[in-house]
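The values are calculated or read from the model by the stated rules, or taken from the named source; none is laboratory data. Model, not experiment: these values are computed from the prediction. Don't worry about glycine lacking a Cβ; one is built from the backbone with ideal geometry, like all the others, and counts go over all protein chains shown. Ligands, DNA and RNA are excluded from the accessible area calculation, which covers all protein heavy atoms including side chains. Shrake-Rupley method; radii C 1.70, N 1.55, O 1.52, S 1.80 Å.
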Amino acid sequence: MYDKLLICVTGSKNSVEVSRVGLSCAGRNAHVIFLHVVEKLDETSRAIADKELSHIKSILMERPPVRPEFIVLEGDPKHKIIEIANKNEVSAIVVGETKEVHGESVSDYLLHHAATAVISVKSKEI
């Protein structure tokens, strides 16, 4: 069980599964950061992020108590995830598998560059 966890949710079809898997790895009263990163943050992307994070809040009610934090950022997901993981000294990063876009996928990048454990959740949609 991890006491400080970064769960990356991106609006993809498997974000709910990523959240469930991440929460199953979280220890009781763990600090769990839910991170949503978009390349361009505007009204539409903010609404999508807020809707997704709201759904995740309902999932939290099904699990042991954790101390959640919700972050929405603009930028390159690969680099923002690493930045937040390092800044918060998380024990593990939970991320969904993604298709390759402009080179290496986010999950592959994290597996090779993160300074901590990376838990990759396979999507049924890929």
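Would you mind telling me the share, in percent, of accessible area of the chain contributed by carbon and sulfur at probe 1.4 angstrom? Walk me through the intermediate numbers first.
Numbers: 3510 of 7070 Å².
That share works out to 50 percent.
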Checklist outcome for this item: GNM of the chain, Cα pairs under 10 angstrom: of 15, 91, 54, the biggest fluctuation goes to 54
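Can you tell me the length gained on complete extension of the stretch residue 47 to residue 69, counting 0.36 nm per residue apart and subtracting the Cα distance? Don't skip to the answer; put the middle values down first.
Values: separation 22, 0.36 × 22 = 7.92 nm, distance 1.77 nm.
Result for the pair: 6.1 nm of gain on full extension.
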Checklist entry - What aspartates and glutamates could a cross-link reach from residue 78, if we take a straight Cα to Cα line under 14 Å and drop same-chain neighbours fewer than 8 places away? => result 39, 97, 100, 104, 108
Checklist entry - Near the amide H of residue 123, under 5 Å away, which other amide H atoms are found, from residues 5 or more places off or on another chain, if H is placed in the peptide plane? => result 97
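Just how large is the dipole of the chain about the Cα centre, in debye to the nearest 20, putting +1 at every Lys and Arg Cβ and -1 at every Asp and Glu Cβ?
Numbers: 16 positive and 18 negative charges, 93 e Å.
Dipole size: approximately 440 debye.
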Checklist outcome for this item: Between residue 39 and residue 87, Cβ-based FRET efficiency (R0 22 Å, step 0.05) works out to 0.65
Item to check | Proximal aspartates and glutamates to residue 4, defined as alpha-carbon separation beneath 13 angstrom and excluding residues fewer than eight positions away on the same chain | outcome: 69, 89
Checklist entry - When ranked by the protection proxy of mean other Cβ atoms within 10 Å per residue, highest first, what sequence do the peptides 70-81, 27-38 form? => result 27-38, 70-81
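Work out how much length residue 58 to residue 28 would gain on full extension: take 0.36 nm times their residue separation and subtract the Cα-Cα distance, in nm to one decimal. Please list the in-between numbers first.
Details: separation 30, 0.36 × 30 = 10.80 nm, distance 1.75 nm.
Working it through step by step, the gained length comes to 9.1 nm.
Please compare each pair in 13/40; 87/122; 51/87; 13/122; 13/87 to a cut-off of 22 Å on the Cα-Cα distance and tell me which ones are over it.
Details: 13/40 19 Å; 87/122 26 Å; 51/87 26 Å; 13/122 11 Å; 13/87 28 Å.
Pairs exceeding the cut-off: 87/122; 51/87; 13/87.
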Item to check | Karplus (6.51, -1.76, 1.60) ³J(HN,Hα), θ = phi - 60°, over the stretch 4-9, in Hz, Gly and Pro reported as x | outcome: 9, 10, 10, 10, 8, 10
